Amino acid sequence: MARTEFLIWILVITLCQLQDAQTQTLSSIGVNWGAQASQPMEPSVVVNMLKENGIKKVKLFDADSWTVSAFKGTDIELMVGIPNDQLKKLSKSKDDAEDWVKDNVTKHLKHGDVNIRYVSVGNEAFLKSYNGSYIHITFPAMQRIQSAIEKAGHADQIKVTTALNADVYESSSEKPSDGDFRKDIYSVMKQIVQFLDEKNSPFVVNIYPFLSLYQSRDFPKEFAFFDSTNSQIDDDGAHYSNMFDANLDTLVASLKKIGHPNVSIVIGEIGWPTDGDINANIQYAKKFYRGFFKKMATKKGSPRHPKSVTVYLFGLFDENLKSIAPGNFERHWGIFRYDGKAKFQVDFSGKGEDKYPISAKGVRYQENKWCVLKKDVKNITSLGGAMSYACAGGDCTSLGYGCTCNEVLDGSGNASYAFNQYFQINDQSVEACDFDGVADIVSKDPSKGTCRFPVAIYSSGNMLKVMHKVGGFFIIFSLIFTLFM
């Protein structure tokens, strides 16, 4: 009996060790969790998936209570965000800033045991494409939120920052040592960097090697990855074989020139998309992450920043409601699909093992049915209007040149794909599969090769929105009833 118990004990220990090995993740690695999806994942399901993969840092783009509350009792560090459309209000009103902190921070710290560590005030607010809309309100909003956090007694735990795109700095040459902040935002960047230094808050920057490749077909492809040892840039004894190091050191030089060389740096976003462009595919994403994790595991940093940095991968899931103004790839940054299934092998430990991360468990799918073009429709050229309508309300980014469905489907297949996307985004509503009588609902999966026809998932996020609206109508109705009865 004693021998049996001993063997069982050894087995339990072995299994625990195997589980620990399976979920080991670099401590400096976190993930971005965006929720611009037609059927957002259940927060409880996502948090369990994060825990199973050993991910201890998460960056959000808002402070949605449903999402933040799901981290109650975990040791996962959170960076919550304030969207750009709230900056103007918060920059002007002390009371609004204090209310925001009370509702989105204090509530979770005192009653929810949530490990909030950062508040990012705005996201890439100084992008050139915004034409200066947020230049004069971002820093005042940061100051208001900082004061509110100090008043609430959270300043020792929670740091205020703002996530910035790498276009806030530039080099007059190709050399990182010539880095400096953009002239049009120099004065506000000086204020922000001084603030970060004084408050011991990090400079959060988003760096995307993929975008450099996307924006210039002459960009050396190998420079976007981490496998090459060939130096592309030589800068006063520093040699750069990858774009990430060069970009990071351009920021290092910029911080030094502005007078605050000791501000800590956090990479707010970095990743590689898997669809929506000829260079956005699983093969390249896998290559990018393998090299990046291997680099992160060495903890050597870059030539002018020879230490590890905290990094938030972008992103956790595909988001089919994101704007595609920057490119069709915007909806395909996820390491996991919309339903929490891992897309490709990626080893968060940095050991380079060829294994899939742990997919989400407990995801509830809607019925196995799809909306497709009727077989008897022969005049494909007449479907332009219907397809345009479907793609405007759905997601047809996988149909583009070099994408997963390009050259896999024929004209009829393209129409079916567009119709099904609209159908699934609208929760498989019968009314969403008509298109003037040319579409049918079928139970046989029309997926072909690399082109997947998705099935929507059930999401309480949609139900909560409905309940919120219904609740609002109920309150209004109750007031009217009380007044006139």
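The values are calculated or read from the model by the stated rules, or taken from the named source; none is laboratory data. Keep in mind that what you see is a predicted model, and the values were worked out from it rather than measured. A quick note on method: Cβ atoms are made from the backbone with ideal geometry, for glycine too, and the neighbour counts reach across all protein chains shown.
General observations
- For the stretch 337-347, the criterion of a residue being surrounded by fewer than 22 Cβ atoms within 10 Å (Cβ to Cβ), in the same structural domain as residue 163 (by TED's automatic domain parsing) and without any contact (Cβ under 8 Å) to a residue 24 or more places away in the chain is satisfied by no position.
- Restricting the stretch 318-333 to residues that are in a loop (DSSP other than H, G, I, E, B) and in contact with a Lys or Arg (Cβ under 7 Å, 6 or more places away or on another chain), the residue that is surrounded by the most Cβ atoms within 10 Å (Cβ to Cβ) is 318.
- Matching option when the condition is out of contact with any Gly (no Cβ under 7 Å at 6 or more places or on another chain), surrounded by fewer than 20 Cβ atoms within 10 Å (Cβ to Cβ) and not in a loop (DSSP other than H, G, I, E, B), among 187, 228: 187
- Cβ-Cβ contacts under 8 Å between residues 6 or more apart (or on different chains), taken from a first residue in the stretch 301-326 that is assigned by TED's automatic domain parsing to the domain that holds residue 241 and free of Cβ contacts under 8 Å to residues at least 60 places away in the same chain to a second residue that is β-branched (Val, Ile, Thr) and part of a loop (DSSP other than H, G, I, E, B), are listed as 301/309.
- Qualifying residue in the stretch 117-135 (condition: under 19 Å from residue 50 (Cα atoms) and in a strand (DSSP E or B)): yes
Residues are listed down the side, and each one gets a yes or a no for (1) more than 25 Å from residue 322 (Cα to Cα); (2) assigned to a loop (DSSP other than H, G, I, E, B); (3) acidic (Asp, Glu):
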site: 26; (1), (2), (3): yes, yes, no
site: 31; (1), (2), (3): no, no, no
site: 35; (1), (2), (3): no, yes, no
site: 38; (1), (2), (3): no, yes, no
site: 51; (1), (2), (3): yes, no, no
site: 59; (1), (2), (3): no, no, no
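- Criterion applied to 188, 205 was being among the aliphatic types (A, V, I, L, M), over 18 Å from residue 271 (Cα atoms) and either assigned by TED's automatic domain parsing to the domain that holds residue 155 or touching a Ser or Thr at 6+ places or on another chain (Cβ under 9 Å) (or both), and the one residue passing it is 188.
- Residue check for residue 300: modelled with pLDDT under 95, more than 25 Å from the chain's Cα centre (by Cα) and in a loop (DSSP other than H, G, I, E, B): yes
- Subset of the stretch 31-84 that is over 14 Å from the mean Cα position of the chain (by Cα) and of a type in the set (Asp, Glu) - its residue that is modelled with the lowest pLDDT: 75
- Only one of the numbered conditions (1) surrounded by fewer than 19 Cβ atoms within 10 Å (Cβ to Cβ); (2) in a loop (DSSP other than H, G, I, E, B) is not met by residue 360, and that is (1).
- Residue match in the stretch 161-182 (condition: closer than 17 Å to residue 65 by Cα, in contact with a strand residue (DSSP E or B) (Cβ under 8 Å, 6 or more places away or on another chain) and in a strand (DSSP E or B)): no
Listed here are the residues, each with its yes/no results for (1) surrounded by 15 or more Cβ atoms within 10 Å (Cβ to Cβ); (2) in a loop (DSSP other than H, G, I, E, B); (3) of a type in the set (Lys, Arg).
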site	(1), (2), (3)
398	yes, no, no
405	yes, yes, no
408	yes, yes, no
415	yes, no, no
419	yes, no, no
436	no, yes, no
445	no, yes, no
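- Filter result for the condition that a residue is among the charged types (D, E, K, R) and within 22 Å of residue 185 (Cα to Cα), over 88, 94, 110, 159: 88
- Just one of the listed residues (114, 68) is outside any helix (DSSP H, G or I) and surrounded by 18 or more Cβ atoms within 10 Å (Cβ to Cβ), namely 114.
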